[in-house]
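Scroll down for the structure; my scribbles are underneath it.
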């Protein structure tokens, strides 16, 4: 029975710990408030007993008098803090594992791309990529998406990472790339959201998690001309060097 239960707790450890932490915080507050009335009464009684002798009740005396009432709250608070530390440790280990898996996948993908280019040649490899971009446009119909007007041009563009359509032009996009590469050279890293800001697009959660580091090279685009729904010319924007986690 234990061998069957253990995998369940391992798989759902973060959810279970989160529930226990929330419960622990609530219980700690309750155990802290509950004895307050009794503590005040103990203090009042002690002051009354000392009043004939004119002996002042010090802060240390108060703590010594009432601390036994708050021992359960201290224990529960300590267990809750331990739960928070444990939860953070689990998240750290899982994030490290994900980062490792991501790095391995990235290396495998790069090797595959290099081998594809070596086997097919540059022109055939580009044709192969264009087929992939065509599928992205076809699977992301223009009619089901909002076209974002950035004020930087009238050419329909598709960002391959976020899947968003927007209006711009290739020269404006290249200029934004050059501006951002200057920041990259100066600061050492930029986020994907920095690029989206330059292009006139709203930030995304993915855009904050991903970015470029100067050690991997500068930002560069690949462009593919496709036809969107209704035969509308569309410029698909992809990245020669993909943005990465832990870029900063």
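A short reminder: the numbers here are calculations on the coordinates, not readings from a lab. Fair warning: this is a prediction, and the values are worked out from it, not measured in the lab. Note that we place each Cβ from the backbone using ideal geometry, even for glycine, and neighbour counts take in every protein chain shown.
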Expressed as a rounded percentage, what relative contact order does the chain have, with Cα pairs under 8 Å and six or more residues apart? 14 percent
DSSP beta bridges in the range 127-212 [antiparallel fraction, %, rounded to 5]: 65 percent
Could you give the angle, 0 to 90 degrees to the nearest 10, between helix 2-11's Cα long axis and the longest principal axis of the Cα atoms of the chain? 60 degrees
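With a Förster radius of 41 Å, plug the Cβ-Cβ distance of residue 23 and residue 45 into 1/(1 + (r/R0)^6) and report the FRET value to the nearest 0.05. Show your work: numbers first, answer last.
On the way: r = 34 Å, r/R0 = 0.83.
Taking R0 as 41 Å, the efficiency between residue 23 and residue 45 is 0.75.
Arranged from highest to lowest average of other beta-carbon atoms within 10 Å per residue, in what order do the peptides 161-174, 7-20 appear? Let's see the in-between values first.
On the way: 161-174: 16.9, 7-20: 12.4.
In descending order of packing, they fall as 161-174, 7-20.
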Helix 36-50: inclination vs the chain longest Cα principal axis, degrees, rounded to 10, gives 30 degrees
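Any idea what diffusion coefficient the chain gets from Stokes-Einstein, in µm²/s, Kirkwood Rh on alpha carbon pairs, 10 °C, 1.306 mPa s? Kindly include the intermediate steps, with their values, before the conclusion.
On the way: Rh = 24.0 Å.
This corresponds to a translational diffusion coefficient of 66 µm²/s.
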Helix 122-138: inclination vs the chain longest Cα principal axis, degrees, rounded to 10, gives 60 degrees
Sorted peptide list for 136-145, 177-186, 118-127, criterion being average Cβ within 10 angstrom, highest first: 177-186, 136-145, 118-127
Using Stokes-Einstein with the Kirkwood hydrodynamic radius over Cα pairs, what translational diffusion coefficient do you get for the range 5-146 at 25 °C and a viscosity of 0.890 mPa s, in µm²/s rounded to a whole number? 111 µm²/s
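Looking only at Cα atoms, what is the convex hull volume of the range 20-79 per residue, in Å³? Spell out each step's value before the answer.
Values: hull volume 3.7 nm³, N = 60.
So the per-residue hull volume is 62 Å³.
Averaged across orientations, what area in nm² does the convex hull of the alpha carbons in the range 121-239 project?
Details: hull surface 31.1 nm².
That works out to 7.8 nm².
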Rg/Rg_globular for the range 87-158, with Rg_globular taken as 2.2 N^0.38 Å and Rg from C-alpha atoms: 1.70
Would you compute the Debye intensity of the range 195-235 from its alpha-carbon atoms alone, equal scatterers and no solvent, and pass along log10 I(q)/I(0) at q = 0.28, 0.31 Å⁻¹ to two decimals? -0.99, -1.02
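I need to check one value: relative contact order of the range 26-157, counting alpha carbon pairs closer than 8 Å and at least 6 residues apart, in percent. Display every interim value, and only then the final one.
Working: 28 pairs, mean separation 29.5, N = 132.
22 percent.
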Within the range 220-248, name every residue whose backbone N is under 18 Å away from a label modeled 7 Å from Cα of residue 175 along the Cβ vector. 221
